[in-house]
Structures are given as C-alpha cells and as structure tokens.
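> Got a structure for you, questions after.
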Amino acid sequence: MDIAKLLNGEETVLLIDDVLEIPKTYYDNTEIVKLDKVKVKGKLTYDASDILILEAKVEGVMLLPDAVTLEPVSYHFSFEISENVYEKLEKDKFSLDIIAILWENIVLEIPIRYSEVTNYDNLKGDGWRVISEDEKVNSTNNPFKDLLNKLDKE
C-alpha cells in the first residue's frame, strides 16, 4: 500500500476500503483449508511524532475442517484493528504491507475447535458412536461418574 502522501504530510488520513486476497503461502501450515478474500474498511492516520495508526474493521470467511466430521465448513470472522504500524513500514520505501498486518490478526481468529454438527445420530459405526457433551455427563457407564459427583458436592 503506497502511503507516500501520508508520510510527506500532503494528507492526514488515508481511507481504506478494499477487498484483499491473502496468499495461500500464509496459511499453508495452518488449519485453514481456504481463505476467501478479506474485506477491510478503515483509515490510516499519521502524525509528526512517528505514530502511524491503522484503524479498520476486517471481515472474511475461512474454510476449516469440522472438528467432528473433518468435512470443510465455513467460519465467518470479523474483528477490528487499532494499532500503531509505524515499525512495519518498509525501510526507505513509502509502502506498508497491509497483508502481513491482516494475517497477524487473522491468525488470532482461528478457533481451536469448530463444528457445525448438531445431530450426532448419524455419526456411528460398528461398535462405536459419537455422543454429545450432555450424553457424556449423563452416561451411566462413565467410570469417573462417582468421582464427578464427589467433586460437585465439594
């Protein structure tokens, strides 16, 4: 992103309203299967004391493997950025790599576990079945049920 006019003092605010694509190389070694284009809307402000503030709202959709079925599912994310990005300027250039800044914040939005499964009835096989958290707590064949009851009483 060219910010020469902002750094030279010709402008005080640079408005951002873009749809950006994060290169696949950023998320190759993550849980993200696919990352759709990311919408960024905000502003970049600069003052003489070397404070370059990026304030933006970021929205997008990432495709993640479902934690139960491992099928790809869409996960919508939205967050706001408000940070000083002066140290991220490229030396001797009037440009800012906004993709790298976005990626640093998108990584924080990746859930540890995400599932869209609500009906566990079809998730079974020969001698096994997936149970919900409620079934797990209420199960009569839980070897730790007595221990859980003792903990609840304390």
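The values are calculated or read from the model by the stated rules, or taken from the named source; none is laboratory data. Everything numeric here is computed off the predicted structure, so don't read it as measured data. No Cβ is skipped: glycine too gets one built from the backbone with ideal geometry, and neighbour counts run over all protein chains shown. Heavy atoms of the whole protein, side chains included, go into the accessibility calculation; ligands, DNA and RNA do not. Shrake-Rupley method; radii C 1.70, N 1.55, O 1.52, S 1.80 Å.
> How many residues does the stretch 32-49 contain that are in contact with a Lys or Arg (Cβ under 8 Å, 6 or more places away or on another chain) and small (Gly, Ala, Ser)?
1
> Kindly establish whether ALA67 is small (Gly, Ala, Ser) and out of contact with any strand residue (DSSP E or B) (no Cβ under 8 Å at 6 or more places or on another chain).
So ALA67 passes the test.
> Another question, if that's okay. Would you call GLU104 open to solvent by 50 Å² or more (accessible area, probe 1.4 Å) and assigned to a helix (DSSP H, G or I)?
So GLU104 fits the description; yes.
> Now for a separate question. If I ask for residues that are within 15 Å of ASP97 (Cα to Cα) and not hydroxyl-bearing (Ser, Thr, Tyr), which ones from the stretch 12-51 would you list?
LEU14, ILE16, ASP18, VAL19, LEU20, GLU21, ILE22, PRO23, VAL38, VAL40, LYS43, LEU44
> Considering only the stretch 26-63, state which residues are open to solvent by 40 Å² or more (accessible area, probe 1.4 Å), in contact (Cβ under 8 Å) with a residue 60 or more places away in the chain and assigned to a loop (DSSP other than H, G, I, E, B).
THR30, GLU31
> Another question, then. Any idea how many residues of the stretch 12-25 are open to solvent by less than 70 Å² (accessible area, probe 1.4 Å) and either of a type in the set (D, E, K, R) or in a loop (DSSP other than H, G, I, E, B) (or both)?
At the first step, the residues of the stretch 12-25 found to be open to solvent by less than 70 Å² (accessible area, probe 1.4 Å) are 13-14, 16, 18, 20, 22-23.
So of that shortlist, the ones also either of a type in the set (D, E, K, R) or in a loop (DSSP other than H, G, I, E, B) (or both) come out as 18, 22-23.
Qualifying residue count for the region: 3.
> Among the numbered criteria (1) within 28 Å of THR118 (Cβ to Cβ); (2) touching a residue at least 60 places away in the same chain (Cβ under 8 Å); (3) open to solvent by 60 Å² or more (accessible area, probe 1.4 Å), which one does PHE94 miss?
Result: PHE94 fails condition (1) only.
> Follow-up. Pick from the stretch 64-73 the residues that are more than 16 Å from VAL107 (Cα to Cα) and not charged (D, E, K, R): which of them is surrounded by the most Cβ atoms within 10 Å (Cβ to Cβ)?
The extreme case among them is VAL73.
> Could you list, in sequence order, the residues of the stretch 18-63 that are hydrophobic (A, V, I, L, M, F, W, C) and over 20 Å from VAL107 (Cβ atoms)?
Passing the criteria: LEU44, ALA48, ILE51, LEU52, ILE53.
> Take the conditions among the acidic types (Asp, Glu), part of a helix (DSSP H, G or I), surrounded by fewer than 16 Cβ atoms within 10 Å (Cβ to Cβ) and under 15 Å from the mean Cα position of the chain (by Cα) and apply them to GLU80. Does it pass?
no
> For the list (1) of a type in the set (A, V, I, L, M); (2) without any contact (Cβ under 8 Å) to a residue 40 or more places away in the chain; (3) within 30 Å of ILE131 (Cα to Cα), I need the number of the one condition that VAL68 fails.
(2)
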